[in-house]
Every structure is written in structure tokens, then in C-alpha cells.
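Colleague: For reference, the structure I am asking about is given below.
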Amino acid sequence: MKHVIRKAVFPVAGFGTRFLPVTKSIPKEMLPIVDKPMIQYAVEEAVAAGIRELIFVTSANKNSIGDYFDSNVELEHLLKRQQKYDLLKMVQNILPENVSCVFVRQHAMLGLGHAILCARDVVGDEPFAILLVDDVIDNNKNPCLKQLVDVYEKEQGSVVAVQHLAEEELSKYGVVDLAGVLDHYARMVGVVEKPKAGNAPSHFGVVGRYVLTPKIFELLADMRPGAGGEIQLTDAIAQLLEDEAVFALEFEGKRYDCGSKLGYLEATIQYGLKHPEISKDFLKMLKALKL
Ligand code: UTP
């Protein structure tokens, strides 16, 4: 039976330690890139790929994420009274009407794989997407998740997004082993989380977009802690591909690693340079820096 991908899981329970001290009280996912929180970029990408149910896996200190996607009646009244209709429209249209949100709590930080497992009952027995919010991927014409969904629909198998990485980067990623040469996408025969230098099976690292079949939940439920003592999604995918076809897709688009300070600043500059309100003045300002 053919399935439509309509649910996406956003694991947002992590501490965001690379952004301390700000993440002591503000979720990393709520840090702005120009004027929108990081999480909105991922949500817009998901909606553009046809997702209609957003499942956020959260933890303590993450209430502002729920508030952001809820309506703020007082603010709306104020904007109406002040006749600031553009702003009113903006705050009312954070999510399209046909998109709903579900919040699930991860009570202990046992790893990304465990966070995904927390969404099991809400996802149920259907294929679903996962988006890691701190991978901001810019492709307006063909959003990254849409590219994965297209491959899923064609192959009826799980798909993970991969990026060609420099040798010294590989030990920070899950690295895929492929059945043949990667031409847009290829079937995976293995995946290794954070391989030691010289041991990576390819130059393609997994980045934060996945479309997975519900079989992954069964595997995650039986998973023992792996690298870093955490329940690793990568380990479950390594088992999934023993039973089912799993594909690695080299997506088109520019990815910013917004979980790191440098990647976050790069994204801020690039999105600032594209922002209709400030692009010209921002470019002028950057040029004046004469670095
Ligand atoms: P990261 O390893 O990037 O962790 O998790 P982090 O907490 O976001 O950031 P740093 O490394 O401490 O700075 C990858 C993704 O998995 C989620 C995180 O929220 C992030 O989106 N995650 C990780 C969970 O939801 N729960 C976990 O137990 C671990």
C-alpha cells in the first residue's frame, strides 16, 4: 500500500550545550535567524513537503516553542487596535490552518534515537519524516524534505539526507556505506556513527532530514546505548537496512550547521543578505567593515 508522508517529528529536547549560556533558559531552536526562530525554517520546509502534523519532542525549558506555535490573543487584539494589519497577518500565519501540532515530552536525555522513540504512539504505523532543526537547509525551489519525500514515493523505502564532507569532518557525523556510486541517490549497505579517522566508509555524512518507515520504532525500542552512551538513531538505521531498502540522497541546497556558532552566524549573514527589508543596507554595512 502506498503511504503519504504527513507527519514529521522534530526532536527538540536537547540541551544545546554549544550555545551556553543562552541555552540555559532559551531553547536553541528559538534563536532567531534574522527575525524568525530557527525552528520556523524547519517547519516551513516540512509544510512545503506536504507535512500536516508536526510532532515536537520537547523537554523542560522548552515552553516557548509551544507558545510560539500557539495563538497570542492579547497581542492580536493590540495589533488590531493599532491597525498594524501586516504584523497581525504575520503572527496569525505562523502555521497554515490545516497543520496541527502535538507535543511529546522526553523525560531523560537518552539520545536522538530515544527522542524519536518518544513519538512512537503519535506517529503510529505509518512512514514519517524527521527534521533536526539546527540543520537549516536553504532551497526555496525544491525544499530538502520534499526531495526526500519524492525518493520515498518512488522507491517506497526509507531515505536519509547526506552531504559530501571533507575528510576531517567525517568523524563528527554518521557516515554511509553505499551499494554503488551515488548518482543523486543510492541504496545504503551500512552506516557508522562518528567513525574514527581513516575508518569512514565514504565521504557522505548524514544530515538532519530523514523519511523512515515505522519499523524503526521496533528497532529503537530494542536498542542499547551506543556512541556517547546515547541511544543512536544511526544504529537503528544500520539495523533497518538489513531488513528493508534504505536510500541515501545527496540533497540539493545549502546547509548551515546552526548547532555550531560559526554555522549559525553564516546562516544569519546569508539570510540577512536575502531579507527584503534589510538586504541592501546590510550589504552596505558588511562592505563598510572592510575586513
Ligand atoms: P545534538 O547532539 O545536536 O544536541 O542533538 P543538542 O543538545 O541539540 O546540542 P549540543 O550538541 O549540546 O550543543 C541533535 C538533535 O537531537 C535532539 C536535539 O534537540 C537536536 O535537535 N536530541 C538529542 C533530543 O531531542 N534528545 C536527546 O536526548 C538528544
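Colleague: What's the number of the condition Pro96 fails, among (1) away from the ligand (no atom under 16 Å from the Cβ); (2) closer than 26 Å to Tyr173 by Cβ; (3) open to solvent by 30 Å² or more (accessible area, probe 1.4 Å)?
Modeller: So Pro96 meets the others, but not (2).
Colleague: Name the single residue, out of those in region 112-127 being away from the ligand (no atom under 16 Å from the Cβ) and either on the phi < 0 side of the Ramachandran plot or assigned to a strand (DSSP E or B) (or both), that is surrounded by the most Cβ atoms within 10 Å (Cβ to Cβ).
Modeller: Pro127
Colleague: Let me ask something else about it. Looking only at region 12-42, which residues are aliphatic (A, V, I, L, M), in a helix (DSSP H, G or I) and under 22 Å from Glu277 (Cα atoms)?
Modeller: Hits for region 12-42 are Met30, Met38, Ile39, Ala42.
Colleague: Something else now. Could you list, in sequence order, the residues of region 211-225 that are exposed (fewer than 14 other Cβ atoms within 10 Å of the Cβ) and either among the basic types (Lys, Arg) or touching a Lys or Arg at 6+ places or on another chain (Cβ under 9 Å) (or both)?
Modeller: The answer is Ala221, Arg224.
Colleague: Another question about this same structure. Can Val9 be described as within 12 Å of the ligand (Cβ to nearest atom), under 27 Å from Pro127 (Cα atoms), outside any loop (DSSP other than H, G, I, E, B) and touching a Cys at 6+ places or on another chain (Cβ under 8 Å)?
Modeller: Spelling it out, it is not the case that Val9 is within 12 Å of the ligand (Cβ to nearest atom), under 27 Å from Pro127 (Cα atoms), outside any loop (DSSP other than H, G, I, E, B) and touching a Cys at 6+ places or on another chain (Cβ under 8 Å).
Colleague: In region 232-283, what residues are under 20 Å from Pro32 (Cα atoms), among the acidic types (Asp, Glu) and either within 14 Å of the ligand (Cβ to nearest atom) or surrounded by fewer than 16 Cβ atoms within 10 Å (Cβ to Cβ) (or both)?
Modeller: Passing the criteria: Asp257, Glu277, Asp281.
Colleague: So, of the residues in region 99-111 that are in a loop (DSSP other than H, G, I, E, B) and touching a residue at least 12 places away in the same chain (Cβ under 8 Å), which turns out to be farthest from the ligand (Cβ to nearest atom)?
Modeller: Within region 99-111, the match that is farthest from the ligand (Cβ to nearest atom) is Val99.
Per-residue answers, yes or no, for (1) modelled with pLDDT under 95; (2) open to solvent by 40 Å² or more (accessible area, probe 1.4 Å); (3) out of contact with any strand residue (DSSP E or B) (no Cβ under 8 Å at 6 or more places or on another chain):
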{"site": "Glu29", "(1), (2), (3)": "no, no, no"}
{"site": "Val34", "(1), (2), (3)": "no, yes, yes"}
{"site": "Glu45", "(1), (2), (3)": "no, no, no"}
{"site": "Ile55", "(1), (2), (3)": "no, no, no"}
{"site": "Asn72", "(1), (2), (3)": "yes, yes, yes"}
{"site": "Leu78", "(1), (2), (3)": "no, yes, yes"}
{"site": "Gln82", "(1), (2), (3)": "no, yes, yes"}
{"site": "Val91", "(1), (2), (3)": "yes, yes, yes"}
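The values are calculated or read from the model by the stated rules, or taken from the named source; none is laboratory data. Because the structure is a prediction, the values reported are computed rather than measured. We place every Cβ from the backbone using ideal geometry, glycine too, and count neighbours over all the protein chains shown. Surface areas here come from the heavy atoms of the whole protein model, side chains and all, with no ligands, DNA or RNA. Shrake-Rupley method; radii C 1.70, N 1.55, O 1.52, S 1.80 Å.
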